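Notes for the one structure printed next.
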Amino acid sequence: MPEDADVNADVLGKAFLAFPYGSFILDWDGRILVCNRRAERSFCPFSQSGSGDLAGTCFSKLTLCDRDDVISSLRKGAAAGSVSFPMAAGNLTAPLPDTEFRISLLRSATKGERLMLLTQDQLRLTADRLRQMNEMRGKLRGELSTAKDANAKLQETLLSMEVFAHAAAHDLRTPINTMTGSLQFFSEHYSAALPQTAREFLQHMARAARQMDQLTTELLEHSVSTASGTSFQEVVMADAVSEACDSLHQALQECGAKTRVYGTGITLQADPTLLHLVLTNFLSNAIKYRDPARPLEITISMEGTGREQWVLSVADNGMGFDPQEKHRILQPFHRAHREIEGSGIGLSTCAEICRRHSWKLTADAEPGKGAIFKISCG
């Protein structure tokens with residue numbers, strides 16, 4: 001130290017107390033003579049900083065080892081320059097196994113007794129943690145890169161499937177329409193000259209053609225519902241309900257349905273085409289699965305406080321279905337009434353549309369009393 005350095009024992013003592021690494025000065029028997037604030041915070045959190053509560057305590061009290069083993073390890077470590085102890089929890093939530101300390105030998109100022117300066121090897125601990133963080137970061141980068149590649153391939157596959165499904169459903173319409181038209185023409189002009197059995201076969205063929213036409217139509221709608229592009233617009237729900245009822249006006253009129261609509265004034269962000277698909281599907285199902293023993297009644301209710309929180313429900317008094325089926329009927333090709341013609345695609349299309357809008361679709365029913373479908377947001 002330079003002769004003109006204005007550093008005395010008081011300055012050195014304050015520097016020791018403020019040292020950023022936990023440090024202890026022990027006598028040869030492992031008794032703590034003094035420790036700095038960092039050591040108190042790390043290994044004796046319940047003592048007041050600077051109180052000196054650890055003075056006179058054997059260092060073994062801060063470890064998970066007994067006194068004799070600690071003293072023996074300290075003395076051996078003094079020759080090696082370092083020692084490790086499994087420390088007690090201190091101010092941490094779990095014990096600190098293998099906390100390493102650097103040891104330096106000192107001499108007391110008056111009696112010349114051997115003392116030990118223990119300094120927690122924070123630099124090595126920090127380096128180890130930094131190494132672990134770098135390893136974890138490298139691993140996460142690798143996983144992220146893999147996930148991005150997998151996601152890109154998945155999006156590419158989904159896009160190809162969407163294009164294929166749309167093209168297949170669209171291309172099937174032409175031969176089906178040709179077949180349906182030919183059967184209708186043949187039935188109108190030549191069925192009278194055919195025997196009864198032939199006319200029955202002709203009716204079966206016409207019915208099968210209609211079923212195939214319905215299936216391809218619903219497949220086309222489903223491919224539209226899963227397409228990557230969604231055009232969100234501001235839609236007045238009451239107008240969307242009115243348009244859906246108008247599009248099925250003839251079918252509702254033919255079956256004598258009575259439709260009641262409650263609630264107005266709700267505006268939401270939606271793709272108008274997809275919302276129309278959902279509403280017409282609900283109404284078509286009500287018509288298809290009506291109870292022949294009573295007139296069909298459809299109740300459409302709209303409730304909400306704004307575009308972010310609303311509920312739309314469509315209820316009917318039709319055949320209903322087993323409540324245990326309420327989750328499965330939203331899956332593709334699942335049909336609750338197999339005795340009635342259908343494809344089982346319509347409700348799964350509705351579920352997919354709701355998912356794309358971040359809406360929740362639920363279904364419930366009571367056999368013989370009707371069904372209710374609810375779409376909720378918020």
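The values are calculated or read from the model by the stated rules, or taken from the named source; none is laboratory data. Keep in mind it's a predicted model, so treat the numbers as computed, not measured. Neighbour counts are summed over all protein chains in view; Cβ atoms, including those assigned to glycine, are modelled from backbone coordinates with ideal geometry.
Results for (1) touching a residue at least 24 places away in the same chain (Cβ under 8 Å); (2) under 14 Å from residue 259 (Cα atoms); (3) part of a helix (DSSP H, G or I), shown as yes or no for each residue.
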{"position": "292", "(1), (2), (3)": "no, no, no"}
{"position": "304", "(1), (2), (3)": "yes, no, no"}
{"position": "315", "(1), (2), (3)": "yes, yes, no"}
{"position": "321", "(1), (2), (3)": "yes, no, no"}
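Got at least one residue in the range 338-355 being under 17 Å from residue 234 (Cα atoms) and in a helix (DSSP H, G or I)?
Keep residues of the range 338-355 that are under 17 Å from residue 234 (Cα atoms), which gives 353-354.
Okay, now just the ones that are also in a helix (DSSP H, G or I), so 353-354.
Yes, some residue in the range 338-355 is under 17 Å from residue 234 (Cα atoms) and in a helix (DSSP H, G or I).
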Q) Just checking, how many residues over the range 322-344 are modelled with pLDDT of 70 or more and over 19 Å from residue 367 (Cβ atoms)? A) 3
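Mind checking whether some residue in the range 121-144 is surrounded by 12 or more Cβ atoms within 10 Å (Cβ to Cβ), in a strand (DSSP E or B) and at pLDDT below 90? Explain how you work it out, then say what you get.
Step one: list which residues in the range 121-144 are surrounded by 12 or more Cβ atoms within 10 Å (Cβ to Cβ), which gives 121-122, 124-125, 128.
In the following step, the residues that additionally are in a strand (DSSP E or B) were identified as none.
No, every residue in the range 121-144 fails to be surrounded by 12 or more Cβ atoms within 10 Å (Cβ to Cβ), in a strand (DSSP E or B) and at pLDDT below 90.
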Q) Residue check: is residue 308 among the charged types (D, E, K, R) and at pLDDT below 85? A) yes
